[in-house]
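The block underneath contains the structure these notes are about, expressed in structure tokens.
The values are calculated or read from the model by the stated rules, or taken from the named source; none is laboratory data. Because the structure is a prediction, the values reported are computed rather than measured. Cβ atoms come from the backbone with ideal geometry, glycine included; neighbour counts cover every protein chain shown.
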Amino acid sequence: MSAQLHLNVNILNAGVFGGSWRFPGTDPLASFSIDHYTSIARKAEAAKLDAVFLADTPVLDPQLRHRPGNSFEPTTVLARIAAQTERIGLIGTLSSSYNDPAELGRRLGDLDLLSGGRFGWNVVTTAGPVAAANFGRLGEPEHALRYRRAAEMVEQVVATWDERADSPQGRPVVVQAGGSTDGKRLASRVGEVIFSAEQDLAKAVAFRTELRAGAREWGRSPEELVVLPGVSTVLGSTEAEARERREVLDDVLPQAYARQRLAGQLGFSLEGLDDDASIPAELLHDPDRVGGTTQTFYRIVRDIIECENPTLRQLLRKLGGGGGHRIVVGTPEQVADDLETWFRQGAADGFNVMPDVLPSGFDEFVDHLVPELQRRGLFRTEYTGTTLREHLGLGLPGVPSGVWDRSPLEAAR
Amino acid sequence: MSTQTIPVLVEVAVGGGALTVAEADRVAEAAQEAGVTALRLLDTLGERSTVEATLAAAYLAGRHDRLGFLADASTTRNAPYNLARRVLSVDRAAAGRLGLLLHPGSGDEVSDATTPDTTATVAGERWSEYAGLLARLWESFPREALLGDAERALLVDDALIAAVGHEGRYYRVAGPLDGPTSLQGRPVVAADARELGWDELATGADVVVVDADRADGAAALSAALERVGRRRSDVALLGRIPVAATEGAGRLLDRLAGHDLDGLVLVPPGGADGALAVIRHLVPQLSPSPAEPTLRAGLGLTPVAARLTEAVA
């Protein structure tokens, strides 16, 4: 583990909470303007963060009535950010299921060139029938098949990058998320930055340990992996102020949205369930057998239900309409203590930060939390390199090949 | 010298042995200063691949906010939903200053797997379906739907947003698109007259690029527009013409008037120096109309040509 941790900011439109766009003092429509993204990226660069991160699904979010979704295509946003910044890394999410491999490899290599070697590709397989329908499909491809295609595609795309030889960082960084069995296998084989969504310190240590062991089995050094759990931050200058901010976020959460979102994550309707009773255990399934949803977040929510047995009302409040990532509430010192513990205990090489509200929550983060981490020697005060690979302390690994046994894929064609 | 302003585009490529990124930035700066309507950004240079043109446009638009861009892309390897998103994203970021020069080609790996009619393989037909589909996707989420009503917890009026439910011979796309309409209504669609028939051009394009030496383009376009029920003012006819670094405006203005063209696409000699010389010395003599307030306006097109959608749908 390096002596310093890595920090990305996930510019998740208005913020990670379902009610972020309604938080007092927030322009509800700001995330539909490109300046929202470029100004946060410039602040992230001034604070010496490793990278900005853009999540993406190629759909109009069916929940848009109640909260913003992403409304810009990530490579075009990152190209614009590249034009207005010099150092900050640029990580974008692009679907392996819904892009042509040759086109994607070329375009992502071009973005790396435009940005002077600052790009990283977050490989996602894209869950859900809504996205599938934008690409001619009547339903989403089966989970394991999506992951086989992802493995094949990463191999092909990395090979095209390797042929070009015009990247200041050798080639773009491969980023991967996904806590499913298939996702972890792909991450340990080809992932360089791995996002995770663990809630619990012990589980996060186990996840990171498992991935590093998996990488070793593939003949890779564990040092070639940077594991970044997602963390939502709610900051206040006193603990009471931070708690109050968290309360306000609950108050502004559109209830209809929170219920629909949870129903989507669990894969069953909440209709008829009592707000003040716990979720009936017989409704929960084995995560690897869940269809039509993201397995990682199903797992997270199921774990919360199993460990804490909350009432439906308590569960909705705990999730806050967010993705299910861990939420840390407190003063900059308290949150820094938490992040430092996760870092020192081997749960994280750094964090993918999801501020509670954008831009105000990120302003708090860079103005108060980043200086606290710097004071502790946990975070850089100046960039020492110019590329994303340099920021992350990553060398250039060999080009992966034979990533996946092709015979099941061929058989499915 | 002409007293009326005309659309003047300058054709360049970023990468692929043409302009470096830094040179393209200098060319764009000079072009904006000279009042060039748009830089046309090629997507290939002979056999060589350039920097993908929608990304080159996104990058340059992030540094030069009054210049228009016309980015080349093909149906080949681009699923319609993906290209529609990229182009609208850049157009919104550039405040309505992006156009797409859509080349006819083949399909992409994702769409090909579910092509509704596997016997459909005609590039021109595919282009027409694709162009019509882009227009409908670009209009599927009107920006009037944005409410931002925090008090009532209503972010958008989703009754105004409609799926496109497209089911053609080549593509099946549900929609709607994820982003609201841009300032210019929707991005400009251009096409190269060498690659398509006049009826296809007249139905699907806002801008038609012809060889400036060709004398019959305007008459052919007018006749085709009449056949498909659109007005001549709905489409800009631009003459593409290679120019020398030291050339005067005379020959160009002759072509413009003689061949009844609406504007010009200048092809400068190779390298940054050639492009800069043409932009600094020749362009000002042509009274260019800048992309103000939008590319559509700079091209002299009607603000929103909603008839295109109806004609194609």
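Of note:
- Filter pass, A:TYR147 being within 8 Å of chain B (Cβ to nearest Cβ) and either over 18 Å from A:LEU49 (Cα atoms) or touching a strand residue (DSSP E or B) at 6+ places or on another chain (Cβ under 6 Å) (or both): no
- Odd one out for A:GLY25 among (1) in a loop (DSSP other than H, G, I, E, B); (2) within 30 Å of A:GLU142 (Cβ to Cβ): (2)
- Test result for A:GLY128, on the phi > 0 side of the Ramachandran plot, among the small types (Gly, Ala, Ser), surrounded by fewer than 24 Cβ atoms within 10 Å (Cβ to Cβ) and at pLDDT 95 or above: no
- Failed item, numbered, when B:MET1 is tested on (1) within 18 Å of B:ARG280 (Cβ to Cβ); (2) modelled with pLDDT of 95 or more: (2)
- Segments classed as strands (runs of 3 or more DSSP E), wholly inside the stretch B:62-162, with at least 1 members that are more than 11 Å from chain A (Cβ to nearest Cβ) and either touching a Lys or Arg at 6+ places or on another chain (Cβ under 8 Å) or closer than 26 Å to B:ALA297 by Cα (or both): B:68-74, B:98-103
- Helices (runs of 4 or more DSSP H) within the stretch A:138-249 that include 1 or more residues of a type in the set (A, V, I, L, M), at pLDDT 95 or above and crowded, with 22+ Cβ neighbours inside 10 Å: A:143-164
- Of the residues making up the stretch A:16-64, those that are away from chain B (no Cβ under 13 Å) and either modelled with pLDDT of 95 or more or more than 28 Å from A:GLN176 (Cβ to Cβ) (or both) number 12.
- Selection within the stretch B:186-195: residues that are buried (at least 23 other Cβ atoms within 10 Å of the Cβ) and assigned to a loop (DSSP other than H, G, I, E, B). The member of this set that is nearest to the other protein chains (Cβ to nearest Cβ) is B:PRO187.
- In the stretch B:37-50, residue nearest to A:ARG80 (Cα to Cα) [restricted to those that are away from every other protein chain (no Cβ under 11 Å) and part of a loop (DSSP other than H, G, I, E, B)]: B:LEU42
- Single residue of A:VAL130, A:VAL77 found to be in a helix (DSSP H, G or I), in contact (Cβ under 8 Å) with a residue 40 or more places away in the chain and either in contact with a strand residue (DSSP E or B) (Cβ under 9 Å, 6 or more places away or on another chain) or more than 9 Å from chain B (Cβ to nearest Cβ) (or both): A:VAL77
- Residue within the stretch A:87-107 that is assigned to a loop (DSSP other than H, G, I, E, B), in contact with a strand residue (DSSP E or B) (Cβ under 7 Å, 6 or more places away or on another chain) and within 7 Å of another protein chain (Cβ to nearest Cβ) present: no
- Here the condition is being among the hydrophobic types (A, V, I, L, M, F, W, C), more than 11 Å from every other protein chain (Cβ to nearest Cβ) and closer than 21 Å to B:ARG296 by Cβ; of B:ALA53, B:ALA34, it holds for B:ALA34 alone.
- Qualifying residue in the stretch A:63-73 (condition: in contact with a Gly (Cβ under 6 Å, 6 or more places away or on another chain), more than 23 Å from B:ALA159 (Cβ to Cβ) and crowded, with 24+ Cβ neighbours inside 10 Å): no
- Scan of the stretch B:142-167 for residues that are closer than 20 Å to A:PRO129 by Cα and in contact with a Gly (Cβ under 9 Å, 6 or more places away or on another chain), ordered by number: B:ALA162, B:ALA163, B:VAL164, B:GLY165, B:HIS166
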